[in-house]
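Just below is one structure, and these are the notes that go with it.
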Amino acid sequence: MSEPIDPQHFRHVLGHFPTGVAAVTSCGDTGGPVGMTVGSFISVSLSPPLVAFLPGKQSRTSATILRNGRFCVNVLGAHQEPASRAFATGGDRKFDGLDWTPSPGGLPRLDNAVAWIECTVDAVHDAGDHDIVIGRVTSLDAPEPSLPLLFFQGGYGRFAPLSLAAAGEADLVEHLRLVDVARPIMEDLAERNRVECLASAAVSEDIVLLATAGTPAGGRTYSRVGQRLPHIPPLGTALVAWSEPATQAWIARAGDTATRQHDPQQLVDRVRARGWSVATWSDSLRKLESSVDDTTLHGLTPHGRRAVRQLVDQLGSEHEPDDLHDPNQHYRIRSVSVPVFDARQRVVMQLTVDGLPPDAAHADVDLYVTHLTHAAERVSRALPDTGQAASVPIAGGHR
């Protein structure tokens, strides 16, 4: 017979599993707000939409929530540690100093939470000294995507990833196997150069951001991983420039808009000649990025996809400019990208550095291109089952 498990040792060992932190709120018997902190919130079912949290049987707040039959889960952000501490205490002043608004069903919804999920109690199951409360989701949203608050080894912390990779969607599985090889190299590049490094690939008729490493550019508090853009001129030139069939398909997808702002074939020739791709800042690029970020936060609707497509069509000479040759000029560089080749000289992804200094000089751009090229070559050599490594062809930099 095994020895009984010591509760303190149990708590210590299980504390090595990091959990998110949520505040479960409801209305009390007199209509006032009530809430409790939980680290045991989980998703249960997609159809029907079910979630669960596990309160202690002795919790008076939990008993109140169960009597009400409804609750709202507030996923706390890294900035909301004070709220977590407040809801973890007893008493009836947990909401003092906290801003909240009613959910669609009239339950307390904390301002600036990462996400909220409103539920009705669907079932309650016995689980030792805790209950398993199953909630049927009636409404939910993620209005303030940001880094979550975590609980680990008895203390609070926040998620600070070295890199992120996209979820394994059906059309991304093969690409993600390759990007897993690239991520340590991307992390090294991002740390050494204090930039964000991104890996993206052509998937069907989209450009998909597969992974990122380093601090997100532009002060973003959310991840762009999984973002999709239409793969039409002038976007993703480095992904097609070394394949004539890919180039022609890329140009054809643009239809009649292909030559309004730029000559796609000229962009391809320019990228092939210098070995890398570049975008500089412009008002049209800022509008596009703002629109794409909005779809990342709120979902890509058919209307949003059409809006993004229209903004891509408006991009002009800021993509692949041909005048990056003056060593006395400073350039408003948005990003620099280089292709990654497999052993058959096929482009399988591109690496991009983002977050370059706004006043990058000729020598700075040259240095970033050199470091990015070396990283792409390392990735190419590390790709599985490629035989002899392929190196990235560079046509003498941009002088």
Relative contact order in percent for the chain (Cα pairs under 8 Å, 6+ apart) equals 12 percent
Pull out a ≥ b ≥ c, the square roots of the eigenvalues of the alpha-carbon gyration tensor of region 86-216, then state rounded if a/c is under 1.5, prolate if not and a/b is larger than b/c, and oblate in the remaining case.
prolate
The summed charge of the SER163 Cβ neighbourhood (under 13 Å; Lys/Arg +1, Asp/Glu -1) stands at -3
Would the chain count as rounded, prolate or oblate if I go by the C-alpha gyration tensor, calling it rounded below 1.5 in a/c and otherwise prolate when a/b exceeds b/c, oblate otherwise?
prolate
Proxy exposure order for THR19, THR30 (fewest C-beta within 10 Å first) is THR30, THR19
Rounded tilt (10° steps) of 264-274 against the dominant C-alpha axis of the chain:
80 degrees
Under 14 Å, Cβ to Cβ, from ASP283 - net charge with Lys/Arg +1 and Asp/Glu -1:
+2
Calculate how steeply helix 362-382 sits against the longest principal axis of the alpha-carbon atoms of the chain, using the helix alpha-carbon long axis, and give the answer as 0 to 90 degrees to the nearest 10.
70 degrees
Three-way shape call for region 163-382 based on the alpha-carbon gyration tensor, with the a/c threshold at 1.5:
rounded
Going by how many other beta carbons lie within 10 Å of each one, how would you line up PHE151, PHE159, PHE10, fewest first?
PHE10, PHE159, PHE151
Taking the radius of gyration and the Kirkwood hydrodynamic radius from Cα positions alone, what is the Rg/Rh ratio for region 7-158, to two decimal places?
0.94
Return one number: the angle in degrees, 0 to 90 and rounded to the nearest 10, between the long axis of the Cα atoms of helix 283-298 and the longest principal axis of the Cα atoms of the chain.
30 degrees
If each K or R counts +1 and each D or E counts -1, the residues other than ARG183 whose Cβ falls under 14 Å of its Cβ total -3
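Read-outs: derived from the displayed coordinates by stated rules, not from any lab. Remember, predicted model here, so these are calculated numbers, not experimental data. Glycine gets a Cβ as well: all are built from the backbone with ideal geometry, and neighbour counts include every protein chain shown.
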